[in-house]
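The values are calculated or read from the model by the stated rules, or taken from the named source; none is laboratory data. This is a predicted model, so every value here is computed, not measured. We place every Cβ from the backbone using ideal geometry, glycine too, and count neighbours over all the protein chains shown.
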Amino acid sequence: MTALSVNINKIAVLRNSRGHDQPDPVVAARVAIDAGCHGITVHPRPDQRHIRVDDVARVGAVLGNAAYNLEGNPFAPARGTYPGFIALVLAQRPAQATLVPDGDAQLTSDHGFDLRRDAVRLRPLVRELKSEGCRVSLFVDADAEDVERAAEIGADRIEIYTEPYAAAFARGDFMRELDACARTAQRARAAGLGVNAGHDLSQSNLAALLRAVPFLAEVSIGHALIGEAIYDGLAATVRNYLAILGASRAT
């Protein structure tokens with residue numbers, strides 16, 4: 001069964017909008033885990049506009065057997081109270097580090113690595129993370145020409161950036177984008193890589209992706225899931241996603 005990792009960044013966005021301590025991402029993580037999710041994702045950015053540095057350890061302390069996934073820009077240096085992404089990962093030692101090439105000015109992640117250009121800088125960082133027992137996933141665009149380079153760099157997995165697919169699904173003309181995701185997944189698998197997917201996945205578009213890529217190892221879902229949870233409740237929404245994943249496995 002494809003694992004569900006719940007991204008709780010949006011809980012921190014809501015908390016930070018008031019400058020207090022509620023709602024608490026730690027409580028959200030506990031609710032999601034109690035509802036059956038397989039892991040929790042956080043993406044701490046240098047400006048700490050949602051998940052903060054202190055949240056990383058607090059969330060990690062309550063996960064139990066759930067897998068912890070830290071996302072971030074591996075080239076982000078230390079500044080202020082932010083120690084740099086690599087230092088943050090090494091201090092926490094999560095199950096997985098998902099490396100994403102997002103700049104400070106980006107509202108959210110909106111593209112994958114250029115693995116040809118970035119290989120030299122990525123390779124020693126990937127090696128360092130893996131030496132500490134951390135699985136490493138690289139964020140890539142669907143139909144990336146050089147996806148096989150992720151294996152050469154030393155990564156364990158890729159995460160396919162699915163926002164173009166999700167946008168096309170909402171328009172009703174998604175087959176080309178879905179095929180791109182499937183081709184990328186097949187090429188990565190042939191290169192010995194595991195395949196994750198994430199960004200703008202939702203209850204409406206997830207099943208079609210799972211049919212096209214039935215061997216997905218993990219989906220990381222945050223924005224849509226938290227938005228749906230406003231109406232239906234967090235625990236119920238997590239269970240809805242798990243039902244979709246379970247139905248895909250049965251099929």
For region 59-72, check the following and say yes or no: at least one residue is farther than 25 Å from Leu242 by Cα and in contact with a Pro (Cβ under 8 Å, 6 or more places away or on another chain). yes
Test: Ser248 is in contact (Cβ under 8 Å) with a residue 12 or more places away in the chain, over 19 Å from the mean Cα position of the chain (by Cα) and surrounded by 13 or more Cβ atoms within 10 Å (Cβ to Cβ): yes
For Val89, work out the one condition from (1) crowded, with 22+ Cβ neighbours inside 10 Å; (2) modelled with pLDDT of 95 or more; (3) in contact with a Phe, Trp or Tyr (Cβ under 8 Å, 6 or more places away or on another chain) it doesn't fulfil. (3)
Can you find a residue that is over 24 Å from Leu14 (Cα atoms) and among the polar types (S, T, N, Q) anywhere in region 62-82? yes
Which condition does Asp118 not pass, out of (1) among the acidic types (Asp, Glu); (2) in contact (Cβ under 8 Å) with a residue 24 or more places away in the chain; (3) in contact with a Pro (Cβ under 9 Å, 6 or more places away or on another chain), if it passes all the others? (2)
From the options Tyr161, Tyr165, residue that is aromatic (Phe, Trp, Tyr), at pLDDT 95 or above and within 29 Å of Ile86 (Cβ to Cβ): Tyr161
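One line per residue, one yes/no per condition, for (1) touching a strand residue (DSSP E or B) at 6+ places or on another chain (Cβ under 7 Å); (2) farther than 27 Å from Ala32 by Cα; (3) surrounded by fewer than 15 Cβ atoms within 10 Å (Cβ to Cβ):
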| position | (1), (2), (3) |
| --- | --- |
| Leu125 | no, yes, no |
| Ala150 | yes, yes, no |
| Pro164 | no, no, no |
| Arg171 | no, yes, yes |
Which of the residues belonging to region 123-155 are modelled with pLDDT under 95 and of a type in the set (Gly, Ala, Ser)? Ala144
Asp200 versus (1) farther than 23 Å from Gly227 by Cβ; (2) not in a helix (DSSP H, G or I): which is the lone unmet condition? (1)
Do you know which residues across region 32-53 are surrounded by fewer than 19 Cβ atoms within 10 Å (Cβ to Cβ) and not in a loop (DSSP other than H, G, I, E, B)? Asp34, Val53
Mind checking which residues of region 158-172 are under 12 Å from Asp200 (Cβ atoms) and of a type outside the set (Val, Ile, Thr)? Tyr161, Glu163, Pro164, Tyr165, Ala166, Ala167, Ala168, Phe169, Ala170
Scan region 171-189 and report the pairs whose first residue is hydroxyl-bearing (Ser, Thr, Tyr) and whose second residue is crowded, with 19+ Cβ neighbours inside 10 Å and part of a loop (DSSP other than H, G, I, E, B), with Cβ atoms within less than 6 Å and a gap of 6+ or a chain change. Thr184/Ala142; Thr184/Val147
Among Leu225, Leu245, Leu216, which is the only one that is in a loop (DSSP other than H, G, I, E, B), at pLDDT 95 or above and in contact with a Ser or Thr (Cβ under 8 Å, 6 or more places away or on another chain)? Leu216
Checking Ala12 against (1) outside any helix (DSSP H, G or I); (2) under 29 Å from Asp141 (Cβ atoms), which single condition isn't satisfied? (1)
Could you tell me whether region 186-208 includes any residue that is crowded, with 19+ Cβ neighbours inside 10 Å, more than 18 Å from the chain's Cα centre (by Cα) and of a type in the set (A, V, I, L, M, F, W, C)? no
Under 7 Å between Cβ atoms, which residue pairs at least 6 apart in sequence (or on different chains) link something in region 1-22 that is free of Cβ contacts under 8 Å to residues at least 40 places away in the same chain and loosely packed, with under 15 Cβ neighbours inside 10 Å with a partner that is of a type outside the set (Asp, Glu) and in a helix (DSSP H, G or I)? Asp21/Arg15; Gln22/Arg15
